[in-house]
Protein chains: 2
Amino acid sequence: MNQTIRKVLILLHQNNKQAMAVVDDSCRGLFFFTGNFYTTGNGESGMKLIDIREIFQNPNPYFEQEVSIGGWVRSIRNSKTFGFIVINDGTFFEPIQVVYTNELDNFEEVEKLNVGAALVVTGVLVETPNAKQPFEIQASKVEVEGASTSDYPLQKKRHSFEYLRTISHLRPRTNTFEAVFRVRSVLSYAIHKFFQERDFVYVHTPIITGSDCEGAGEMFQVTTLDLNNVPQDEAGEIDYGQDFFGKPANLTVSGQLNGEAYAMAFKKIYTFGPTFRAENSNTTRHAAEFWMIEPEIAFADLYDDMILAEEMLKYIIRYVTEHAKEEIDFFDSFVDKGLKQRLRNVLENDFARITYTEAVEILAKQNDRFDYKVTWGCDLQTEHERYLTEEIFKRPVFVTDYPKEIKAFYMKMNEDGRTVAAVDCLVPGIGEIIGGSQREDNLDKLKQRMMELQMSEKDYEFYLDLRKYGSARHAGFGLGFERCLMYLTGMQNIRDVVPFPRTVKNCEL
Amino acid sequence: MNQTIRKVLILLHQNNKQAMAVVDDSCRGLFFFTGNFYTTGNGESGMKLIDIREIFQNPNPYFEQEVSIGGWVRSIRNSKTFGFIVINDGTFFEPIQVVYTNELDNFEEVEKLNVGAALVVTGVLVETPNAKQPFEIQASKVEVEGASTSDYPLQKKRHSFEYLRTISHLRPRTNTFEAVFRVRSVLSYAIHKFFQERDFVYVHTPIITGSDCEGAGEMFQVTTLDLNNVPQDEAGEIDYGQDFFGKPANLTVSGQLNGEAYAMAFKKIYTFGPTFRAENSNTTRHAAEFWMIEPEIAFADLYDDMILAEEMLKYIIRYVTEHAKEEIDFFDSFVDKGLKQRLRNVLENDFARITYTEAVEILAKQNDRFDYKVTWGCDLQTEHERYLTEEIFKRPVFVTDYPKEIKAFYMKMNEDGRTVAAVDCLVPGIGEIIGGSQREDNLDKLKQRMMELQMSEKDYEFYLDLRKYGSARHAGFGLGFERCLMYLTGMQNIRDVVPFPRTVKNCEL
């Protein structure tokens, strides 16, 4: 057991990816190529599997070389003497074509393969300058890692998104959902990268909470009480003393108030985590569980907040269009024609700014065209938001300074006494994508507002402390991650951008 | 409202951070320095605040220049004619010293300041070659953004961690917790960076779930039923048809099974999200809510899994020690002497490997020293794990091939029929930090094992599908994020590495 593992050879150092071969004292050779290859077989020196992404991004070193890939059959067709298999390994949007002939030892096994089978293919990569694909693998060996069956649900034909929702464990194997969920991953990283490069501190605000941040939204209760026999105290009330936390607990609807506490220590923070709404809304835009990004900046006001929001949106759009190019091309061609033009429009223009009061003046003149008529004091509906950003400004627009009555208690009162320093960012094609505000940093004004709204100071003691001990101007916003993802992909239903969506009456897998 | 925002000037391009000044048509000047500065006042051209981090990391351009910083008073002392304020803005572990004199307009206000007050200080940055700190700010202006009070809980004295837990909204303003929570952020990013650089797809597995992955662990129930009046059906059972999801739902204990579905599409995936245990364990290592990282790799076996785990641990340790240097120095000096040596030891050595059976042989010889005696078949306790890694190997060690009885149903059966392809990674100072396995990819063997354990196939239909349609060798592991953070900081209580910890009878803020 005192075996030492020694690195014996650096095989390859390319594209910042290190590769090495390791051999332990018992002479079992372990090949490992960081990020690209894995051994096959129990540690035996074996085949090295290369990501199809690597071949597409840098094919030259592999031409006329033997390569091995592991992946799943997207389609297969054959004649008596040869055949073609299209293989995708999930590392790249494009699949690779494998050509095989009846010289394969297991030709008969291969020609009977079904779509979905997992294969390890070894062969020479050859250029195919006259074909649709720039290269193909001429297989010398096709190992069947796991077969598939003729009733495999993803045969090579179009399936409706509705149907694919019923097989959420398999749908990432289709083009559309492979693209959606790679963009989801790339977008997540872009968000972290943006904030981390600017020295923001990432804060994990709690998921289970005893308080309801916005005083709004129906919440899920979290409990370990036996619902068959809910304990009661002497007064006949639920005895939460017996619950796990000794009191009622819910799933968070926002990390903002906790985030503010950390902004008052770190100056620049962001959250990125799941949030929950128990709203009985069966729409294409509502999910019970979704992810949210909430930056909070101290020594900063509403203007800084808007600059940050604009910069962030442009950064993440740029990052995703560069790092998921094939996927965005696909969405532009097959899901939402015009997507790339719309994203370019965001990148190339400064966002417009308008006050709520100015916006209402514009909109009220157009009340004929709206289902909901606009008057000062009303909340803006999606139809109004889209009209502003699509028809009036033809680019993203920040709407600021909303009536205090339609905004949350913590927003900073403006000097007019009727509006608060709130901002919504509206984008063409979707309407509101970001909502933010400068926060009320004056202890007395905050208490006053809470009193007006009959909120209990006791419940918000910690929040008031932040105004008592070294209060500072601060502001922040919330970005709904799924809404942002829908915007970047053109997908129309939130159920199709969440790996395993949770909605009313739906909590599968 | 058709105002356009025009970029008028690139002021500075330094350290890869862009800076610009923008002015809109109404001539309100907006200054924004990406990642470093914010405007002051409602969009009026004002003071630019610089991060203290920026000054420490690159002071030369600022010497003899006027700078403005916004931050909080860590300490203050003064005589009749001058004084010193130590200010921290949370962007850097080190605070900066500000010197002021009675020439300040508001000298009397400043000399009465309490610890914790929020200030905006303007002055010249001067080198102080003979002082402890390399530079200080000679203030020409000290604006009180928000005062503090004499009962501010964080006076300049040592507070116990126990006490600080009662003010979790303020404790990130102390040295220790500023360091902990910056490392938490840097570590999170290191994890994303590691996997994204290797083209792993980040998957948000669901938080609310209808199933219990490991068939283990007490779970929190999630419900919208009225606990005062739980609805019953005709048979007297709880009528979950009226609950939000139409059936019982819980908080996830692991994203693994869902992650496997995505590994079978993307080949390389990872999760990083909150997980939950409703265990009634009041220990320093258990929290009800914690974050977990679960990579899953297809066309890969247990050996690949170990290589990935070792490479990941080394990468994140290297990243954090480089990017949170001051914090790690602090922990090494004041929290856990020897920390840096221990981390270096991990970086510089290849991890050892040993089978469970070999480990038991070694440990059983030492049974005298253990509270729990070791025999083949028993689960290893922390005392055994630490003995192996600290005394026997003096470096991290992978223990593989555990008896099937003490491991989960989904682990791949070894050829001996008694052990499974499981692996735990043990590290000095803590014991198990990672647990993983190769998964059973054979449909019949998996069904067989589920039958032995009297598990319902129906509940795992989707999981069995993954073996039915294109099954492939695959493996993965789980890294408890908080345990990893404790290891990297030397902090001893999980409550001190979670911003707002949730434990038995504790769900504050």
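The values are calculated or read from the model by the stated rules, or taken from the named source; none is laboratory data. What you are looking at is a predicted structure, and each value in this text was computed from that prediction instead of being measured. All Cβ positions, even for glycine, are placed from backbone atoms using ideal geometry, and neighbour counts span all protein chains on display. Remember, those area values only see protein heavy atoms, side chains included, never the ligands or the DNA or RNA. Shrake-Rupley method; radii C 1.70, N 1.55, O 1.52, S 1.80 Å.
Of the residues making up segment B:105-123, those that are open to solvent by 70 Å² or more (accessible area, probe 1.4 Å) and part of a helix (DSSP H, G or I) number 2. Among the criteria (1) under 22 Å from B:GLY70 (Cβ atoms); (2) open to solvent by 60 Å² or more (accessible area, probe 1.4 Å); (3) touching a residue at least 60 places away in the same chain (Cβ under 8 Å), the one B:PHE177 does not fulfil is (2).
Condition test on A:PHE92, is it closer than 19 Å to A:PHE63 by Cα, open to solvent by less than 50 Å² (accessible area, probe 1.4 Å) and away from chain B (no Cβ under 14 Å)? The answer is no for A:PHE92.
Only a single criterion out of (1) more than 7 Å from chain A (Cβ to nearest Cβ); (2) closer than 30 Å to A:LEU49 by Cβ; (3) open to solvent by less than 20 Å² (accessible area, probe 1.4 Å) is not satisfied by B:MET292, namely (3).
If the condition is being in contact (Cβ under 8 Å) with a residue 40 or more places away in the chain and either closer than 30 Å to A:SER471 by Cβ or part of a helix (DSSP H, G or I) (or both), then segment A:425-448 contributes A:CYS425, A:GLU432, A:ILE433, A:ILE434, A:GLY435, A:GLY436, A:SER437, A:GLN438, A:ARG439. Considering segment B:313-326, and only residues there that are farther than 10 Å from B:PHE93 by Cβ and free of Cβ contacts under 8 Å to residues at least 40 places away in the same chain, the residue that is most open to solvent (accessible area, probe 1.4 Å) turns out to be B:GLU322. Can you say whether B:ASP329 is more than 11 Å from every other protein chain (Cβ to nearest Cβ), surrounded by fewer than 21 Cβ atoms within 10 Å (Cβ to Cβ) and of a type in the set (Asp, Glu), as far as the supplied structure shows? Spelling it out, B:ASP329 is indeed more than 11 Å from every other protein chain (Cβ to nearest Cβ), surrounded by fewer than 21 Cβ atoms within 10 Å (Cβ to Cβ) and of a type in the set (Asp, Glu). Restricting attention to segment A:124-150, the residues being within 11 Å of chain B (Cβ to nearest Cβ) and open to solvent by less than 60 Å² (accessible area, probe 1.4 Å) number 6. Checked against the criterion of being among the basic types (Lys, Arg) and assigned to a loop (DSSP other than H, G, I, E, B), segment B:490-499 contains not a single residue that satisfies it.
Checking each residue in segment B:226-252 for being open to solvent by less than 60 Å² (accessible area, probe 1.4 Å) and not in a loop (DSSP other than H, G, I, E, B) picks out B:LEU227, B:ILE238, B:TYR240, B:GLY241, B:ALA249, B:ASN250, B:LEU251.
In this structure, is B:GLN448 open to solvent by 10 Å² or more (accessible area, probe 1.4 Å) and closer than 30 Å to A:ASN114 by Cα? Here the answer is yes, as B:GLN448 does meet what is asked. When A:THR283 is tested against (1) facing chain B (nearest Cβ under 7 Å); (2) β-branched (Val, Ile, Thr); (3) in a loop (DSSP other than H, G, I, E, B), only condition (1) is not met.
Listed here are the residues, each with its yes/no results for (1) within 14 Å of chain B (Cβ to nearest Cβ); (2) polar (S, T, N, Q); (3) under 21 Å from A:HIS474 (Cβ atoms); (4) open to solvent by 30 Å² or more (accessible area, probe 1.4 Å).
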residue	(1), (2), (3), (4)
A:ILE354	yes, no, no, no
A:GLU358	yes, no, no, yes
A:GLN381	no, yes, no, yes
A:PRO396	yes, no, no, no
A:ASN414	yes, yes, yes, yes
A:VAL423	yes, no, yes, no
A:GLY431	no, no, no, no
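Hey, can you tell me all the residues within segment B:51-100 that are in a strand (DSSP E or B), in contact (Cβ under 8 Å) with a residue 24 or more places away in the chain and more than 27 Å from A:HIS474 (Cα to Cα)? Within segment B:51-100, B:PHE63, B:ASN78, B:GLY83 meet the criteria. Test B:VAL67 against the stated conditions and say whether it is closer than 19 Å to A:ALA300 by Cα and modelled with pLDDT of 95 or more. It is true that B:VAL67 is closer than 19 Å to A:ALA300 by Cα and modelled with pLDDT of 95 or more. Being open to solvent by less than 10 Å² (accessible area, probe 1.4 Å) and outside any loop (DSSP other than H, G, I, E, B) is a property that B:VAL186 lacks.
Checked against (1) open to solvent by less than 20 Å² (accessible area, probe 1.4 Å); (2) not in a strand (DSSP E or B), B:PRO153 meets all criteria but (1). Looking only at residues in segment A:223-253 that are polar (S, T, N, Q) and more than 7 Å from chain B (Cβ to nearest Cβ), the one that is farthest from B:CYS507 (Cα to Cα) is A:ASN229. Go through segment A:461-509 and give me each residue that's of a type in the set (S, T, N, Q), at the interface with another protein chain (Cβ under 7 Å from one of its Cβ atoms) and either out of contact with any strand residue (DSSP E or B) (no Cβ under 9 Å at 6 or more places or on another chain) or surrounded by fewer than 20 Cβ atoms within 10 Å (Cβ to Cβ) (or both). Across segment A:461-509, the qualifying residue is only A:ASN506. Every test in (1) facing chain B (nearest Cβ under 10 Å); (2) in contact (Cβ under 8 Å) with a residue 40 or more places away in the chain; (3) charged (D, E, K, R) is passed by A:LYS267 save one, and that test is (2). You will find that of A:HIS204, A:HIS192, the residue that is at the interface with chain B (Cβ under 7 Å from one of its Cβ atoms), part of a loop (DSSP other than H, G, I, E, B) and modelled with pLDDT of 95 or more is A:HIS204 and no other. Does segment B:205-215 include one or more residues that are open to solvent by less than 30 Å² (accessible area, probe 1.4 Å), without any contact (Cβ under 8 Å) to a residue 24 or more places away in the chain and not aliphatic (A, V, I, L, M)? For segment B:205-215, residues open to solvent by less than 30 Å² (accessible area, probe 1.4 Å), without any contact (Cβ under 8 Å) to a residue 24 or more places away in the chain and not aliphatic (A, V, I, L, M): absent. Taken as a whole, the condition of being within 26 Å of A:GLU64 (Cβ to Cβ) and outside the structural domain of A:ILE316 (by the TED database) does not apply to A:PRO153. Residue-level check: of (1) under 30 Å from B:GLN256 (Cα atoms); (2) at the interface with another protein chain (Cβ under 8 Å from one of its Cβ atoms), B:PRO172 misses just (1).
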